[in-house]
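Input: a single structure, listed below in structure tokens.
The values are calculated or read from the model by the stated rules, or taken from the named source; none is laboratory data. It should be emphasised that the depicted structure is a prediction, and the values quoted were computed from it without experimental measurement. Cβ: placed from backbone, ideal geometry, glycine included. Neighbour counts: every protein chain shown. Accessible surface is based on the protein model in full, side chains and every heavy atom, while ligands, DNA and RNA are left aside. Shrake-Rupley method; radii C 1.70, N 1.55, O 1.52, S 1.80 Å.
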Amino acid sequence: MKKIIVLTGAGISAESGIQTFGGQNGLWEGHRISEVATPEGWHKNRELVLNFYNERRQLLRKCAPNKAHLRLVELEQNYEVTIITQNVDDLHERAGSKNILHLHGELTKAQSSLDPSYIKDIGYEDIAIGQLCPRGSQLRPFIVWFGESVPMMPLAMDIVKQADLFVVIGTSLEVYPAASLIDFVPDGVQIVVIDPNRPAIGGYANIKHIAKIASEGMDELIAMLKLV
Ligand code: OAD
């Protein structure tokens, strides 16, 4: 089976009611990114950071996958599909996609602030101050913050190198290293970008931009694949 590799960002979850990051003057749900999405922010005010992600988790509990997530699952009937997502929501999982790699962590997991290999499923429960890992350090959200390394990058790069078709949905491609994954698409492989706006990409041959929201763009992609 041919391999479709899909890179998703906040835009695919917009129709599910989750805000994207762009165009908010550096604010994320009313907070400065530096306060809630950096190790410095965590050291300054752990309670604020925990509360912020506790709220994100409560919102996620009420959201559902949208048609774009569901149509990606449909592709699995005819293709080997791997999704590399920058999103920390669980909407690809709840839609039923089989192969999902989270580059920036997952809201439904907690991590030890001492030992990054200790990761625990928490579902939609809060993390509280005083909740500790077995070695006695505070649990934190399992989120890759700005300034932290992205441990899944080498695996993601290897996956992208195997693409027969590369699809990018709802990401501004402004945050690195995730944005550099497009450089690992083999020469000559078609890249399809679904986004109402054109993300920060230039100089790539074989790009088809479908300037639509994710659900409508997925309809077009599926129609296009049937013609191939
Ligand atoms: P951005 O908010 O930067 O980009 C969202 C993209 O989605 C933009 O290109 C929009 O045009 C597009 N978009 C908006 N509505 C859409 C819709 N209904 N359908 C399709 N596309 C739509 O989000 P990301 O690129 O995902 O990192 O941001 C990357 C990373 O920066 C995130 O993972 C996060 C953030 O800070 C961390 O949390 C570490």
Charge context of Met224, other residues only, Cβ under 15 angstrom, K/R +1, D/E -1: 0
Directionally averaged projected area (convex hull, Cα atoms, the range 94-228), nm²: 10.1
Share antiparallel - DSSP beta bridges, the chain, percent rounded to 5: 30
Whole-number D in µm² s⁻¹ for the chain, Kirkwood Cα-pair radius fed into Stokes-Einstein, 25 °C, 0.890 mPa s: 134
Accessible surface ranking that places the most exposed of Thr108, Thr20 first, with a 1.4 angstrom probe: Thr20, Thr108
Sequence-separation-based contact order of the chain, relative, with Cα cut under 8 Å and 6+ spacing, percent: 23
Using alpha carbons only: equivalent-ellipsoid semi-axes of the range 1-94, gyration tensor based, whole Å: 30, 14, 12
Residue-averaged [θ]222 nm for the chain, counting only DSSP H segments that reach four residues, each worth -39500 (n - 2.57): -7500 deg cm²/dmol
Distance in nm between pseudo-label sites at Gln19 and Ile201 (7 Å out along the Cβ direction from Cα): 2.7
Filter on Lys62/Lys226; Lys120/Lys161; Lys3/Lys120; Lys120/Lys212; Lys109/Lys161; Lys98/Lys161 - keep pairs with C-alpha separation over 27 Å: Lys62/Lys226; Lys120/Lys161; Lys3/Lys120; Lys120/Lys212; Lys109/Lys161
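What accessible area per residue, rounded to a whole number of Å², is obtained for the chain using a probe radius of 1.4 Å?
Ligands and nucleic acids excluded, the figure is 49 Å² per residue.
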Extension gain from Met157 to Ala64, taking 0.36 nm per residue of separation minus the Cα-Cα distance: 30.6 nm
Protein accessible area in the chain, 1.4 Å probe - carbon and sulfur %: 51
Cβ-Cβ FRET estimate between Glu76 and Asp121, R0 fixed at 25 Å, reported to 0.05: 0.55
Extended-chain gain in nm, criterion 0.36 nm per residue less alpha-carbon gap, Glu29 and Leu101: 23.4 nm
Over the range 79-136, relative contact order from alpha-carbon pairs under 8 Å, at least 6 apart, %: 26
